Amino acid sequence: PLVRLSLHHVAPPPSSLATMVSHTWRGRRGWRCNGRNVAATFALLCFSTRTSDSNFSLLPDRAVGLRAGPPPRSGSIARRQQLWRRCKSDCAELFSEWPPELNWLQVADDASIEAAGNATVLPIFPLSGIEWPGSEVQLNIIDPAYRRMYDDLLASGARRFVVPFTRSLPGGRVRYAEMLAEDRRLHEIGTVLQLDDLKEVSGQTGDAVKYVAKHSVRGRARLVRLLNPSALFKTDERGNKIDYLRAEVVLLDDADDSDEEAFNSSSLASQLDASWKELYSLAEEVDEPRFGGREAISDWVARLSTWDLAQLWQQLQLAVRASREQKRVLGDVKSWLESREEGDWSDPSLLDASSLPEDLREALYRSQQGVPSLGPDFWEPLLAIVASEDALGRGRLLVRMAEEEVRLMRTRSALKDALG
């Protein structure tokens, strides 16, 4: 071990000590052994309500560079609480899982149930994307189910509904009857959309689209219980949904501006600024999509909310994934062409796409449309931001995601230098 721990207890150690030591040291992927993390970790293990009865000393190898010896004793509850908060903050990354664990509601084709008398019930409009608080959203309303939902919203005057994330079929259609069982689930936390404007366009679209609806995203809600889950399974002869989902929800309070101020004044803001700027430089080296410039990054981090920063990050990552997928597909096409003996394929403009294998042709079409394949590795960290309790939590996740991308980009840059 890099650090040898010596515990000297007058009283028996806390019962959770062995469990926490095991959890801390057992195969933590991406864990960095540095003085702050080690010291804070063992402070977490050893500070208890009986601090005066406990003492510990760290006996580090020289390479680690920790200061050996016991920590200062704390004689007051307030001081112990202060040390606990500081240690907990220092160890937040050490004890965190990556990607973070998410809570889902599994959906089955079950019978409808009645809502509790005091429950808040709202319509649910699952989408295979994230609508961020503070943004504006436009939706084209096609399905009979959602035409009915908007009619009901207008009749009731409520104008609010919840958009949770779900997996979908290719093309974005949510049809649970046609989807794998493991994909039939809703993220527990959705965003609340407020209907601002509704325009009927059935005459202009031949009734293909009934409404064009504009919304503002006003906070979040937690899904508690689905009242009519079968609505996600029932379709008409054309495959269009005929009823919309309703659920008991708890509206979350996201209106505290001091929450965002806490992020702006924390070290997380400066870490995010530095990581995004390094990403900008690395993206220049490998010719990939990037933010608008270093000055713009500093302005965004200082001025925008963590919700806005998360949306910017998602937009950048979508562009990066689309660019990488296009390069990968073009490389596959080139390899396939080179494997063929007949014909001169040196000029790509002479390529007849119909001659490509079907899977390669479909991949080429998708890449040209700028629609990358997005799996759980893309969505789950973003959904963790949606579920975060406060701006500091969102900021911590944004920093972690940026640092992961920096490591990847450093590797890509090194490979480009090595391979030319």
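The values are calculated or read from the model by the stated rules, or taken from the named source; none is laboratory data. This structure is a prediction, so every number in the text was calculated from the model and none was measured. Heads up, the Cβs are rebuilt from the backbone with ideal geometry, glycines too, and the neighbour counts pull from every protein chain shown. Ligands, DNA and RNA are stripped out before the accessible areas are found, and what is left, the full protein with its side chains, is counted by its heavy atoms. Shrake-Rupley method; radii C 1.70, N 1.55, O 1.52, S 1.80 Å.
Considering each residue of the range 224-271, count those that are over 24 Å from Asp390 (Cα atoms) and either part of a loop (DSSP other than H, G, I, E, B) or among the polar types (S, T, N, Q) (or both), and give that number.
Of the residues in the range 224-271, 14 are over 24 Å from Asp390 (Cα atoms) and either part of a loop (DSSP other than H, G, I, E, B) or among the polar types (S, T, N, Q) (or both).
Just to be sure I understand the filter: pairs with C-beta atoms under 7 Å, separated by 6 or more residues or on different chains, first member in the range 235-252 and over 16 Å from Ala208 (Cβ atoms), second member small (Gly, Ala, Ser) and open to solvent by 30 Å² or more (accessible area, probe 1.4 Å). Which pairs pass?
Listed by first residue and then by second, the contacts come to Thr235/Ala177; Glu248/Ala115; Glu248/Ala116; Glu248/Ala119.
With touching a strand residue (DSSP E or B) at 6+ places or on another chain (Cβ under 8 Å) and among the charged types (D, E, K, R) as the only criterion, which of Arg238, Arg222 stands out?
On inspection, the qualifying residue turns out to be Arg222.
Output yes when any residue across the range 80-87 is modelled with pLDDT of 95 or more and either open to solvent by 40 Å² or more (accessible area, probe 1.4 Å) or within 21 Å of Ala384 (Cβ to Cβ) (or both), and no when none is.
no
When the range 349-395 is examined, which residues are found to be among the small types (Gly, Ala, Ser) and either outside any helix (DSSP H, G or I) or open to solvent by 20 Å² or more (accessible area, probe 1.4 Å) (or both)?
Correct list: Ser349, Ala353, Ser354, Ser355, Ala363, Gly370, Ser373, Gly375, Ala387, Ser388.
Among the residues of the range 402-414, are any modelled with pLDDT under 90, among the charged types (D, E, K, R) and touching a helix residue (DSSP H, G or I) at 6+ places or on another chain (Cβ under 6 Å)?
Yes; the residues of the range 402-414 include at least one that is modelled with pLDDT under 90, among the charged types (D, E, K, R) and touching a helix residue (DSSP H, G or I) at 6+ places or on another chain (Cβ under 6 Å).
Within the group Leu153, Leu169, Leu193, which residue is in contact (Cβ under 8 Å) with a residue 60 or more places away in the chain and not small (Gly, Ala, Ser)?
Criteria check complete, one pass: Leu193.
Which residues, counting only those in the range 207-223, are in a loop (DSSP other than H, G, I, E, B) and among the aliphatic types (A, V, I, L, M)?
Ala208, Val209
Please find, within the range 312-323, the residue that is nearest to the chain's Cα centre (by Cα) out of those that are touching a residue at least 12 places away in the same chain (Cβ under 8 Å) and open to solvent by 50 Å² or more (accessible area, probe 1.4 Å).
We begin by selecting, within the range 312-323, every residue touching a residue at least 12 places away in the same chain (Cβ under 8 Å); these are 312-314, 316-323.
Filter once more, so that each one left must be open to solvent by 50 Å² or more (accessible area, probe 1.4 Å): 318, 321.
Numbers: Leu318: 13, Arg321: 15 Å.
Going through the qualifying residues, I end up with Leu318.
Within the range 200-220, identify whether any single residue is at pLDDT 95 or above, of a type in the set (Asp, Glu) and either in contact with a helix residue (DSSP H, G or I) (Cβ under 9 Å, 6 or more places away or on another chain) or more than 23 Å from Gln138 (Cα to Cα) (or both), and answer yes or no.
Taking every residue of the range 200-220 in turn, none turns out to be at pLDDT 95 or above, of a type in the set (Asp, Glu) and either in contact with a helix residue (DSSP H, G or I) (Cβ under 9 Å, 6 or more places away or on another chain) or more than 23 Å from Gln138 (Cα to Cα) (or both).
Quick one: what pairs do we get from the range 282-293, first residue surrounded by 15 or more Cβ atoms within 10 Å (Cβ to Cβ), second part of a loop (DSSP other than H, G, I, E, B) and at pLDDT 90 or above, C-beta under 8 Å, 6+ apart or different chains?
Ala283/Pro289; Ala283/Arg290
Go through the range 185-199 and give me each residue that's in a strand (DSSP E or B) and in contact with a helix residue (DSSP H, G or I) (Cβ under 9 Å, 6 or more places away or on another chain).
Leu186, His187, Ile189, Gly190, Thr191, Leu195, Leu198
Filter the range 295-306 for residues that are more than 17 Å from Arg400 (Cβ to Cβ) and assigned to a helix (DSSP H, G or I); which is farthest from the chain's Cα centre (by Cα)?
The selected residue is Glu295.
When you look at Arg400, is it among the charged types (D, E, K, R), under 27 Å from the mean Cα position of the chain (by Cα), part of a helix (DSSP H, G or I) and surrounded by 15 or more Cβ atoms within 10 Å (Cβ to Cβ), yes or no?
So Arg400 passes the test.
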